[in-house]
Amino acid sequence: MLVSGRGSNLQAILDAIERGELSAVVSLVVSNHRDVPAIERAERHGVAAITIERASYASRGAHHAAIADALVARGVQLVVLAGFDRLLEVEFVRRFAGRIINIHPSLLPSFGGGLQAQADALAHGVKVTGCTVHFVTAEVDGGPIILQRPVAVRDEDTVETLAGRILVEEHRALPEAIRLFAEGRVVVEGRRVRLG
Ligand code: GRF
């Protein structure tokens with residue numbers, strides 16, 4: 001799993017595994033920032049967690065290659081981006097083609113491509129937003145959609161209240177998508193994903 005900060009989605013996955021709702025092993029958590037809560041959460045659950053910082057590498061490509069090498073060394077079968085705050089190099093995406101998923105806090109393709117999807121949805125005035133779990137491809141936030149969960153926008157919403165309700169849905173959607181993938185039920189047909 002790739003993380004960058006708070007790690008609440010990582011926590012949701014670890015909790016789902018511990019409750020027996022998800023049959024999966026988080027073999028490695030990689031953060032691109034040091035001393036973030038996500039690393040602590042992993043360690044608390046006995047999951048290997050390392051920090052691989054951009055500043056330690058000469059180029060973005062070398063940084064992402066180092067992350068990829070660490071994942072390959074652990075034999076990961078699925079790379080889960082859970083709040084990872086950088087776009088991955090094309091070479092990284094190629095290396096794990098069809099095996100990288102991301103959680104995004106909007107109903108894609110609306111409000112993709114940024115780190116402020118909840119604020120953007122609120123500012124735009126949409127009545128329904130939500131979250132999306134999708135495959136990562138070279139197109140930012142544009143890969144085949146595995147599942148989405150809607151969240152109604154309320155008149156009194158602030159960015160914080162809306163983001164909070166979306167997060168509740170994220171915490172259900174991401175473990176669910178991993179479960180479907182692990183069960184071999186995610187069938188990609190062009191842009192569309194069929195759940196077999
Ligand atoms: C989530 O809102 C996720 O959708 C977005 O970044 C946030 C990460 O939160 N990509 P957390 O680190 O999992 O708590």
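The values are calculated or read from the model by the stated rules, or taken from the named source; none is laboratory data. Everything numeric in this text was worked out from a predicted model, so none of it was measured. Using ideal geometry, Cβ is built from the backbone for each residue, glycine included, and neighbour counts are taken over all protein chains shown.
For the range 74-85, check the following and say yes or no: at least one residue is within 16 Å of the ligand (Cβ to nearest atom), more than 20 Å from residue 104 (Cα to Cα) and surrounded by 12 or more Cβ atoms within 10 Å (Cβ to Cβ). No: the range 74-85 contains no residue that is within 16 Å of the ligand (Cβ to nearest atom), more than 20 Å from residue 104 (Cα to Cα) and surrounded by 12 or more Cβ atoms within 10 Å (Cβ to Cβ).
Only one entry in 42, 62 is surrounded by 16 or more Cβ atoms within 10 Å (Cβ to Cβ) and in a helix (DSSP H, G or I), namely 42. Take the conditions within 13 Å of the ligand (Cβ to nearest atom) and in a loop (DSSP other than H, G, I, E, B) and apply them to residue 6. Does it pass? So residue 6 fits the description; yes.
Based on what the data block shows, is residue 123 free of Cβ contacts under 8 Å to residues at least 60 places away in the same chain, of a type in the set (Gly, Ala, Ser) and not in a loop (DSSP other than H, G, I, E, B)?
For residue 123, the condition - free of Cβ contacts under 8 Å to residues at least 60 places away in the same chain, of a type in the set (Gly, Ala, Ser) and not in a loop (DSSP other than H, G, I, E, B) - is met.
Pairs linking a residue in the range 173-185 that is farther than 18 Å from residue 150 by Cβ to a residue that is surrounded by fewer than 15 Cβ atoms within 10 Å (Cβ to Cβ) and among the hydrophobic types (A, V, I, L, M, F, W, C), with Cβ atoms under 9 Å and 6 or more positions apart or on different chains, are 180/195; 185/195. A single member of 174, 107, 162, 167 is within 13 Å of the ligand (Cβ to nearest atom), crowded, with 22+ Cβ neighbours inside 10 Å, among the hydrophobic types (A, V, I, L, M, F, W, C) and not in a loop (DSSP other than H, G, I, E, B), and it is 174. Select from the range 110-159 the residues that are under 28 Å from residue 97 (Cα atoms), of a type in the set (A, V, I, L, M) and either over 17 Å from the mean Cα position of the chain (by Cα) or surrounded by fewer than 16 Cβ atoms within 10 Å (Cβ to Cβ) (or both) and list them in ascending order. Result: 115, 138, 140.
If I go through the range 72-104 residue by residue, how many of them are in a strand (DSSP E or B) and of a type in the set (S, T, N, Q)? Qualifying residue count, the range 72-104: 1.
Being of a type in the set (D, E, K, R) and within 16 Å of the ligand (Cβ to nearest atom) is the filter; apply it to the range 138-159 and report the residue that is modelled with the lowest pLDDT. So the residue we want is 141.
In the range 45-64, the residues that are free of Cβ contacts under 8 Å to residues at least 12 places away in the same chain and within 28 Å of residue 15 (Cα to Cα) never reach a residue that is charged (D, E, K, R) and surrounded by 12 or more Cβ atoms within 10 Å (Cβ to Cβ) with C-beta atoms less than 7 angstrom apart, at least six apart or across chains.
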